[in-house]
Amino acid sequence: MTSPEVRDRKFFDDRVAAAFDARVAPLEALIADAEPVARACHAMAERFHRGGKLIVFGNGGGSTDAQHVSVEFVHPVIVGKRALPAISLTADVATMTGVARRVGFAEVFAHQLRYLATPDDIALGLSEDGRCDNVLRGLEKARALGLLTVALVGGDGGDIARSRSVDHVLGAASTDPRVVKEVHVTTYHVLWELVHVFFEHPGVLTGEVMSR
Amino acid sequence: MTSQQDLEALYPFLYSGSESGAADVDGVLAEVRQSTVDKAREIVDLRREVHRRDGARIAACGAAMAGRFARGGRLFAFGNGGSSTDAQDLATTFMDPPPGFPPMPAFALTADIAVVTALSNDVGFDVVFSRQLAAFARPEDIAVGLSTSGNSANLLSAFDEASRRGMLTVGISGDTGGKMAELGSIDHLFVVPSPSVHRIQEAQTTIYHVLAELAADGVPGGHPFDQPAPGWAT
């Protein structure tokens, strides 16, 4: 199968083994982080229960995650789960590129939130290293508007993890953007599924939510 | 063996007789915490199984993809729903890779909503990917299709079209592989053995990320795209 212009077979076998090994520790870290994940689910369920919607945004690979999250909530893969309102801000390329040209790329998500969000909503920002100005600005705007703010970050979490505008920060313990994305996929799959667990116990959604 | 007492300790809300109050919140939070741990363990085990079953085949596929890129090939990725976002992630992983990796030409067939809706409206949703491949593809190119069920009609016809045109065809499926496992048109097929759509997607993401890493790094001296290249034009 290997053609003469590529490296020898051992290179490929070794890289596959190393890559799969690198995926284990960050999942162990997610297991250790189960408590903040559970608290984020509870707070999100409370917002949906009040009639809020989920607004998701990110750059690069994170933009594909934003769209994955929105389809997950709007069109559940598990039969019988109710559809919940969610939109991805990266789906509107016209507005994104328009605002980027007119105001600046840092303002694209904040601008959309300003006109699409209501105070009961949830803002979910994804950033592989926590250093995305537009995601941070979006979360800050969301907080100012009264939204619940959730961030999925990687690496050391950067400015986003340290921001006082973010209610729930869920980190992926890796600096490889591919591994960070994979931990994020598991995390938002869990967020989706476990938000619905709270709906099965509606009594727990009427009280105060400890969101911090 | 699990005793009744253990069950009550794990899921106190099931036995409290009430659905409100702080004790119930703690109970549901405990259930959700445990479920998070269980799901994370599931995907760790599933990736280990994928590596055991398919590690050598992933290496061979990565080498074949590197060979296509070395000959000037380009990658086209496609899928539906959540898998469409994986196709777009795969394309951007090549086009805008992590530091140290060379950018390479790749395109997701779901990226142009005008083309997708035009083909769906005028011809049918089953041809949205195959018609695009018919327009774009060259024999040295690569087609990567992702599906959790392996049964999407538009993927099946895309693989037939890709194979007819001499493209290297890579299929990433789940569960038992579905109809994709019955095709003769897929050169490299990876089936993630799980009944959970979510766990399948998570393991599929690892498979295509590893393939992308191998394809980008597998050519000594770099790819032709590291130099000024003829570009995208067909």
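Bear in mind these aren't lab numbers, they're just calculated from the coordinates by the rules spelled out. All values reported here derive from a predicted model rather than from experimental measurement. Here the Cβ is made from the backbone with ideal geometry for all residues, glycine too, and neighbour counts use every protein chain on show.
The table below lists the values:
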item	result
Relative contact order %, chain A, counting alpha carbon pairs below 8 Å whose residues are six or more apart	23 percent
Distance between the stretch A:133-212 and the stretch B:126-175 - C-alpha centres, whole angstrom	35 Å
Theoretical FRET efficiency, 1/(1+(r/R0)^6), r = Cβ-Cβ of B:Ala135 and A:Ala144, R0 45 Å, to 0.05	0.45
For the stretch A:9-202, convex hull volume per residue from C-alpha positions, Å³	131 Å³
Cα-based equivalent ellipsoid, the protein assembly as shown: semi-axes from gyration tensor eigenvalues, Å	37, 25, 21
Exercise: per-residue mean of other protein chain Cβ atoms within 10 Å, A:66-73	4
Set of lysines near A:Lys53 by C-alpha distance (under 18 Å), chain-local residues within fewer than 8 positions excluded	A:Lys81, A:Lys141
Shielding score for B:49-55, defined as the mean number of other chain Cβ atoms within 10 Å	2
Over the stretch B:148-191, relative contact order from alpha-carbon pairs under 8 Å, at least 6 apart, %	46 percent
Inter-chain Cβ neighbour average for residues A:169-181, partner chain, 10 Å	2
Peptides ranked, highest mean first, by Cβ atoms within 10 Å: ranges A:78-85, A:90-97, B:184-191, A:54-61	A:54-61, B:184-191, A:90-97, A:78-85
Simple Cβ-charge dipole of the stretch A:6-94, Lys/Arg +1 and Asp/Glu -1, about Cα centre, in debye nearest 20	280 debye
Kyte-Doolittle at least -1.0, axis length at least 27 Å by Cα - qualifying DSSP helices, chain A	A:177-199
Expected 222 nm ellipticity per residue - DSSP helices of 4 or more, -39500 (n - 2.57), all of the protein assembly as shown, to 500	-17000 deg cm²/dmol
Distance between modelled label sites at B:Asp38 and A:Ile31, nm, 7 Å Cα→Cβ extension	1.5 nm
